[in-house]
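What follows is a single structure, written as structure tokens, with notes after it.
Each reported figure results from applying straightforward, stated rules to the coordinates on display, with no laboratory input. Note that the structure is a prediction, hence the values are computed from the model and not measured. Note: ideal-geometry Cβ built from the backbone for every residue, glycine included; neighbour counts use all protein chains shown.
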Amino acid sequence: VTRTIAIGSPTAEMRDRFTRVLRGHIAIARAIFPDGTTGAQLDSFARQYLWQAGIDFEHGTGHGVGSYLSVHEGPARISKLGTTPLKRGMILSNEPGYYKTDAYGIRIENLELVIGTDIAGAEKPVNAFETLTLAPIDRRLIEVSMLSEGELNWLNDYHARVARTVRPHLDDNATKLWLDEATAPLR
């Protein structure tokens, strides 16, 4: 999963757009939804922060990834057209983005597993996502002041999990130092 855009210094607009995409990514990753929910019902979670700025992306938010090694395996998907109910055990991508014609593009992508979750007092089965991808999200493009406390906590917890899981498998000290910096908490 590629996360870094090769640019000089990011502009304020790029940082704004990246952070809006990140907020949508986090909204999908943190979603709690009743069993039987479709991808179309979740798609706007990823788009809401872009819509607030009068912008959008033209691709689906996510697609199924599955047993036959197809890049886009249906029928499950998170998109405006995703009518298949998401079921426990399904793996989908979470990849909102933003593309400015002739300028730059942004996409933040992880794989998510649909899991059951316990909600006290729930009257029907409820699902959530478990993030499977463990790669740092490029902190240099994040406008921290745009994140809510919950979003910042999610990002810091995600980065702590990445570091905790990946670091023991690294042999090179330079790579460990890079990972430590890439996953350091944001304030």
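A few remarks follow.
- The stretch between ALA12 and GLU130 holds 39.3 nm of extra length on full extension. This uses 0.36 nm per residue minus the Cα-Cα distance.
- Ordered by the number of other Cβ atoms lying within 10 Å of each residue's own Cβ, fewest first, VAL166, VAL65 fall into the sequence VAL166, VAL65.
- Rounded to the nearest 500, the 222 nm mean residue ellipticity of the chain from helices alone is -10500 deg cm²/dmol, with -39,500 (n - 2.57) taken per DSSP H run of at least 4 residues.
- Acute angle (nearest 10 degrees) that the helix 149-166 long axis makes with the longest principal axis of the chain, alpha-carbon atoms: 80
- Residue exposure proxy: TYR158, TYR99, ordered by other Cβ atoms within 10 angstrom of their Cβ from fewest to most, comes out as TYR99, TYR158.
- C-alpha long axis of helix 39-51 to longest principal axis of the chain, angle in °: 40
- Dipole moment magnitude, nearest 20 debye, the chain about Cα centre, only Lys, Arg, Asp, Glu C-beta charged: 60
- Applying 1/(1 + (r/R0)^6) with R0 = 30 Å to the Cβ-Cβ distance of ALA122 and ARG161 gives a FRET efficiency near 0.70.
- Taking 0.36 nm per residue of separation and subtracting the Cα-Cα distance, full extension of the segment from GLU109 to LYS176 would add 21.9 nm.
- Ranked THR133, THR37, criterion: other C-beta atoms within 10 Å, fewest first: THR133, THR37
- Projected over all directions and averaged, the alpha-carbon convex hull of region 22-91 occupies 4.8 nm².
- Charge dipole (region 69-187, unit charges on Cβ, about Cα centre) - positive-most of ALA184, HIS169, ILE108: ILE108
- Checking (i) 198; (ii) 145; (iii) 121 against the coordinates, the calculated volume of the Cα convex hull per residue in Å³ falls under label (ii).
- Between helix 12-29 and the chain there is an angle of about 40 degrees, using the helix long axis and the longest principal axis of the Cα atoms.
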